[in-house]
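The values are calculated or read from the model by the stated rules, or taken from the named source; none is laboratory data. Please read all numbers here as calculations on a predicted model, not as lab measurements. Positions of Cβ are generated from backbone atoms using ideal geometry, with glycine treated the same way; all protein chains shown enter the neighbour counts. These accessible areas exclude ligands, DNA and RNA; they are computed on the full protein's heavy atoms, side chains included. Shrake-Rupley method; radii C 1.70, N 1.55, O 1.52, S 1.80 Å.
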Amino acid sequence: MLIAPSVLSADFGNMAEAVIEVKAWGGDIIHCDVMDGVYVPNITFGMPMIKAIRKNTDLPVDVHLMITKPERYVGAFCDAGADIVTFHPDASEDVQGALDIIKSKGKKCGLVVNADVDFDIVVPYLDQIDLLVIMTVQAGFGGQSFKPECLDKVRTGEKLRNEHEYKYLIEADGGVIEDNIATCKEAGVDIAVAGSAVFRSKDPRKTIETMHNC
C-alpha cells in the first residue's frame, strides 16, 4: 500500500516544511487537491502552489483537479510540476482531450469517480489511464468520514483491471485512516490518500508506517 498524504490538511503557512516532512515520515506521494469553488464549494490553490511544492520535494506530485472544464488547465498543471494529473469526467466537456494533453506532456493521467457518480462514467477510458481514483467521501472538503459503500466501485475497478489486464493503479481518496485502510486494501486499493490521518496525527511517521503495513 502506497500512502499519499494530502497537503490540503497541512499548514499552508509552512507548506515547504510540510512536503519535506512527508518524505521524512515515509510518505510515498504528495497529494494536492485543487478546488475551484464551482465544481466543489471549496477553493484551495492553483499552479503557483504546485510549482512551490515541486521545488521542495522529489516525491511524485499527484494533482487532483476538482474543477470545471479541467481540459483548460491540465497542461498548465503538468508544466507546473505535476507528475500525475487526475480529474472528474463529469466536470469535463472533453475527457479524451484532457487525457491526451496530459499524455502529450509525458505525465501520468487519471480519472476520479466522485461518491455520487456512477462508475460507468470512466469505463470508456480504463484502457488509457494510469490511475483510477475512487472518492470515499464527497469531493470538496478535507476531514470527512469514510463512506464504506464506495469500496464497491473499487471492487468493480479491480475486477475490470484483472479481466482486461488494464494497467492503472487504484487510489482511495477521502476519510482513509488506520482503522479502515485494511478494508481498502482488501477491496483492491493500491494507493491511499491520507490527509487528516497524517497531518493531525501525534506521530505521523508511526501513522504512515502502520498504514503501510495494514
Check: Shape call for the stretch 62-167 from the C-alpha gyration tensor, a ≥ b ≥ c root eigenvalues: rounded (a/c under 1.5), prolate (a/b greater than b/c) or oblate?
Finding: oblate
Item checked: Stokes-Einstein translational diffusion, the stretch 1-71 - Kirkwood Rh over all Cα pairs, 0.890 mPa s, 25 °C, in µm²/s -> 196 µm²/s
Check: To two decimal places, what compactness ratio does the stretch 55-104 give when its Cα radius of gyration is scaled by 2.2 N^0.38 Å?
Finding: 1.11
Next item on the list: With a 1.4 Å probe and every protein chain kept in, tell me what percent of the accessible surface of the stretch 61-127 is carbon plus sulfur.
Entry: 44 percent
Note to self: For ILE191, what accessible surface area do you get with a 1.4 Å probe? Give it in Å², rounded to 10.
What the structure shows: 10 Å²
Checklist line | Cβ-placed point charges (K, R +1; D, E -1), dipole of the stretch 102-214 about Cα centre in debye, nearest 20 | finding: 500 debye
Next item on the list: Scale the Cα Rg of the chain by the rule-of-thumb value 2.2 N^0.38 Å and send over the ratio, two decimals.
Entry: 0.93
Check: Where only protein heavy atoms count, and the probe is 1.4 Å, what is the accessible area per residue for the chain in Å²?
Finding: 43 Å²
Next item on the list: Would you mind telling me the share, in percent, of accessible area of the stretch 129-214 contributed by carbon and sulfur at probe 1.4 angstrom?
Entry: 45 percent
Next item on the list: Using only the Cα atoms of the stretch 117-214, build the gyration tensor, take square roots of its eigenvalues as a ≥ b ≥ c, and label the shape rounded, prolate or oblate: rounded if a/c is under 1.5, else prolate if a/b is larger than b/c, else oblate.
Entry: prolate
Next item on the list: Using the charge dipole of the stretch 1-95 (Lys, Arg: +1 at Cβ; Asp, Glu: -1 at Cβ; taken about the Cα centre), state which of PRO89, THR68, ILE30 has its Cα farthest towards the positive end.
Entry: ILE30
Next item on the list: Excluding residues on the same chain fewer than 8 positions from LYS202, give the lysines whose Cα lies under 30 Å from its Cα.
Entry: LYS23, LYS51, LYS55, LYS147, LYS185
